[in-house]
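See below for the structure under consideration.
The values are calculated or read from the model by the stated rules, or taken from the named source; none is laboratory data. Because the structure is predicted, anything quoted here is derived from the model rather than measured. For neighbour counting, all protein chains shown are included, and Cβ atoms are generated from backbone atoms with ideal geometry for every residue, glycine included. SASA here: full protein model, heavy atoms, side chains in, ligands and nucleic acids out. Shrake-Rupley method; radii C 1.70, N 1.55, O 1.52, S 1.80 Å.
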Amino acid sequence: MARDVIADRISKLGGEGAFEVQKKVAILRRDGKNIITCHIGQPDRPAPKAVVDVAVKALNDGDHGYTPSGGKLEMREAAAEWLTKTRGVHYSWDEICITPGAKPAIFLALLSTIEPGDEVIYPDPGYPTYGSVIPFLGAIPKPLPLVEELGFRFQLGQLKELITPGKTRMIILNSPENPTGGVLQEEDLKGIADLCHEYDLLVFSDEIYSQLIYGEKHHSIVSITGMKDRTIVMDGHSKAYAMPGWRLGFAGSTKEIARAMELLMTNSNSCAASFTQTAGRHALIMDQSPVHEMIAEFKRRRDMIVKRLNEIDGVTCHNPEGAFYVFPNIGSFGKSSEEIEKYLLRGASELGAGKDIGVDGVSVLAGTAFGSYGEGYMRISYANSYENLELAVKFIKEAFSKL
Ligand code: PLP
């Protein structure tokens, strides 16, 4: 019999719920339905004008070529300076790798450091790429449950129990977190750092939401003395600078890891787009008021949506400290998270919900799109206008009253 065309390893990769729902929403909208989108993890505004202007000028000035695989020197320097300033620990340009979006940094960093058979601990519910890439590399995924009562942090004791001495190689952290909005505290990070020293572990710290924080300032594990050499810290332009489609991110690490990631870039993407890097550099050094304005607006929406969701019978919603997601507990309705996702998108409207307000559905993501510990929750992205979010919560309230 003929061999399968697709290599076995592909069966280990998972998809991403958000892209599946995106497709369903597109079909419903084509059919004339008014769907309020709360499933998308991207700012509902364009990149700051100053950044767009620099990109347009760069294109007009002929900035069309390849760049070095690890990024333009000026972009690497800007990212190094930015990490040095915001994390309080020194980075030089050759400790940085520029990637087309932050997501490839996850792939390249793990590809550079993880051997088959290594165990990797990661948050659950968490960003789906972690749980997909780990088995793809032949490593063993060890999901670390996040606890609602702890503001979707985790118990250090539980983390310790997941460590197998000699086999566990890495802990993936994500703070502020997608999908919960949870934020790790300084004491959590100190506890994790101690474990890293005790068991000789690396950390991949996904800090893509580092600027989207509403309470205390952002804490990074890399700021703890002795952690820089064990940590790959990732950040990027998709969230704070509203540039998700531009594809720009960066990772800070040791020179050795940065060099490995650069080699992988040479062999895969060649480089991030040149004019994107030129504009992305400007984003890091420009007046940051567009970012601060956007964050203030997200906070206003968060305050409203958390309050309104908690007013719905059967729903409890933790107040997230960062990112632009809420992760309400909907376990009391006796339906799976996936059933709720489908119900809010389509089923509720068939039962008459939303008629008075002209809404045919709200797209949310099932908590299980982020791992099995997401059962009983759904993720709502509040990267939509205040007015639309008010309508979305009205619709959700009515939909739940019909269950
Ligand atoms: N990490 C987390 C936690 C995310 O939520 C996202 C995007 O949603 C990414 C990484 C990927 O970012 P990018 O779009 O820059 O690749």
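Values for this structure:
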item	result
Residues located in the stretch 12-28, provided they are more than 23 Å from the chain's Cα centre (by Cα) and either free of Cβ contacts under 8 Å to residues at least 24 places away in the same chain or not in a helix (DSSP H, G or I) (or both)	Ile27
Among (1) out of contact with any Cys (no Cβ under 7 Å at 6 or more places or on another chain); (2) among the acidic types (Asp, Glu); (3) open to solvent by 10 Å² or more (accessible area, probe 1.4 Å), the one test that Glu262 misses	(1)
Identity of the residue in the stretch 319-338, more than 24 Å from Arg301 (Cβ to Cβ) and touching a strand residue (DSSP E or B) at 6+ places or on another chain (Cβ under 9 Å), that ends up farthest from the ligand (Cβ to nearest atom)	Ser332
Subset of the stretch 208-250 [assigned to a loop (DSSP other than H, G, I, E, B), aromatic (Phe, Trp, Tyr) and within 14 Å of the ligand (Cβ to nearest atom)]	Tyr209, Tyr241
Residues of the stretch 220-240 satisfying the condition of being in contact (Cβ under 8 Å) with a residue 60 or more places away in the chain and of a type in the set (Val, Ile, Thr)	Val222, Ile232, Val233
Filtered residues of the stretch 29-56 (kept if in contact (Cβ under 8 Å) with a residue 40 or more places away in the chain, of a type in the set (A, V, I, L, M, F, W, C) and within 15 Å of Ala279 (Cβ to Cβ))	Ala47, Ala50, Val51, Val52, Val54, Ala55
The stretch 57-84 residues that are more than 30 Å from His219 (Cβ to Cβ) and in contact (Cβ under 8 Å) with a residue 12 or more places away in the chain, paired with ones that are surrounded by fewer than 17 Cβ atoms within 10 Å (Cβ to Cβ) and not hydrophobic (A, V, I, L, M, F, W, C) (beta carbon under 8 Å, 6 or more apart)	Tyr66/Ser270; Ser69/Thr266; Ser69/Asn269; Ser69/Ser270
The stretch 204-219, residues that are crowded, with 23+ Cβ neighbours inside 10 Å and free of Cβ contacts under 8 Å to residues at least 40 places away in the same chain	Ser205, Glu207
Filter pass, Pro176 being under 20 Å from the mean Cα position of the chain (by Cα), modelled with pLDDT of 95 or more, surrounded by 19 or more Cβ atoms within 10 Å (Cβ to Cβ) and not hydrophobic (A, V, I, L, M, F, W, C)	yes
Output for the stretch 49-66, where each listed residue is assigned to a helix (DSSP H, G or I) and open to solvent by 50 Å² or more (accessible area, probe 1.4 Å)	Lys49, Val52, Asp53, Val56, Lys57, Leu59, Asn60
Filter result for Ile134 (in contact with a strand residue (DSSP E or B) (Cβ under 6 Å, 6 or more places away or on another chain) and part of a strand (DSSP E or B))	no
Test: residue in the stretch 248-258 that is over 20 Å from the mean Cα position of the chain (by Cα), within 19 Å of Ile40 (Cα to Cα) and aliphatic (A, V, I, L, M)	no
Every residue from the stretch 83-104 that is within 16 Å of the ligand (Cβ to nearest atom) and open to solvent by 20 Å² or more (accessible area, probe 1.4 Å)	Pro100, Lys103, Pro104
